[in-house]
Structure formats: structure tokens, C-alpha cells
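**Student:** So that we are looking at the same thing, I have put the structure below in C-alpha cells.
The values are calculated or read from the model by the stated rules, or taken from the named source; none is laboratory data. A quick note: this is a predicted structure, and the numbers were derived from the prediction, not measured. When we count neighbours, we look across all protein chains shown, and the Cβ atoms used for this are built from the backbone with ideal geometry, even at glycine.
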Amino acid sequence: MKTKEKKVLRKTPPQRSARMVETIYGCKWSLTVYQLLLEGINRPGEMVRNVDGLTTKVLNQCLKRNVDFGILERIAYNELPPRVEYNVTEFGEKFVRILDELEKLQEDITQDWDESVRSE
């Protein structure tokens, strides 16, 4: 008896990217950092001065995590006093677009939920 070869393999979830999204959403400041960078604010001191409640320690942890993921790049200039800037990488631009799409999806879900609750 001849066995039929399977054409489709079991699909598995994207573990690394899902963990990355979860980690970024788990950091309450990452989305704010992306917003600051979009507005041209790319130096840590300036970021802290522009956001109430953001501390240097927490910002540095957030920035390091984003650099480790490859979402942001850290540029250190050989100057006195030292100057450091952060920019979104090409991969980071792609990642932020995905986060934007997730936000739109959440808005749709919320809108659908609100409409269904009102119709009850």
C-alpha cells in the first residue's frame, strides 16, 4: 500500500517576533520613544526632559532593549562632553509599521466591541 505524501506541514507561530512584540509592548516607554524619534528627538537627555515620568535609568534600559533587538541604533560621538543619539534602523522601521497595524487592528476590535455592546 502506497502512502500519500503530505504537502502541508504544521504551521508554527513566529516565536521570536511574537516575543519581541510582547517585550516592546511590555515596556511602557518604547512606544513613547518611537514617537519622540519620529518627532526628531533622538538624544536621551532631551527625551527625559520631554516626557513626564520618564527617568534616565528606565530610558536607558528601554533604549538598550531596543538596540539589542535591532530596532534602534546607538550612535556615540567622540566628543567632550559625550554625545549619544538613537535612530530607528531599517528593521526598526519595518517593526514600527507592524506595531502601527496592530494598533489599527485594536481600534477595529474596540469599535466592533463598542457597537456590539450598544446593540444589546
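**Student:** Out of curiosity, is residue 92 loosely packed, with under 10 Cβ neighbours inside 10 Å and modelled with pLDDT of 90 or more?
**Tutor:** Values: loosely packed, with under 10 Cβ neighbours inside 10 Å: no; modelled with pLDDT of 90 or more: yes.
No.
**Student:** Is there a residue in the range 105-114 that is among the hydrophobic types (A, V, I, L, M, F, W, C), modelled with pLDDT of 90 or more and either surrounded by 15 or more Cβ atoms within 10 Å (Cβ to Cβ) or not in a helix (DSSP H, G or I) (or both)?
**Tutor:** No, there is no match, as no residue in the range 105-114 is among the hydrophobic types (A, V, I, L, M, F, W, C), modelled with pLDDT of 90 or more and either surrounded by 15 or more Cβ atoms within 10 Å (Cβ to Cβ) or not in a helix (DSSP H, G or I) (or both).
**Student:** Give me a count of the residues in the range 15-40 that are among the β-branched types (Val, Ile, Thr) and surrounded by fewer than 17 Cβ atoms within 10 Å (Cβ to Cβ). Quick ask: steps written out before the conclusion?
**Tutor:** Restricting attention to the range 15-40, the residues satisfying the condition of being among the β-branched types (Val, Ile, Thr) are 21, 23-24, 32-33.
From the residues that got through so far, the ones that are surrounded by fewer than 17 Cβ atoms within 10 Å (Cβ to Cβ) too are 21, 23.
Matching residues across the range 15-40 total 2.
**Student:** Can you tell me how many residues within the range 3-62 are in a loop (DSSP other than H, G, I, E, B) and charged (D, E, K, R)?
**Tutor:** Filtering the range 3-62 down to residues in a loop (DSSP other than H, G, I, E, B) leaves 3-14, 27-29, 39-43, 51-55.
Then keep just the ones that are charged (D, E, K, R); that gives 4-7, 10-11, 28, 39, 43, 52.
Count: 10.
**Student:** So, residue 4, is that one more than 22 Å from residue 101 (Cα to Cα), modelled with pLDDT of 95 or more and either of a type in the set (Gly, Ala, Ser) or exposed (fewer than 10 other Cβ atoms within 10 Å of the Cβ) (or both) or not?
**Tutor:** No; evaluated as a whole, the condition is false for this residue.
**Student:** Ok, one more. Which pairs do you get when a residue that is closer than 16 Å to residue 32 by Cα, found in the range 94-116, comes within reach of a residue that is surrounded by 10 or more Cβ atoms within 10 Å (Cβ to Cβ) and modelled with pLDDT of 90 or more, reach meaning Cβ atoms under 7 angstrom, with the pair 6+ apart or on two chains?
**Tutor:** Taking only residues 6 or more apart or on different chains, the pairs are 95/71; 96/34; 96/88.
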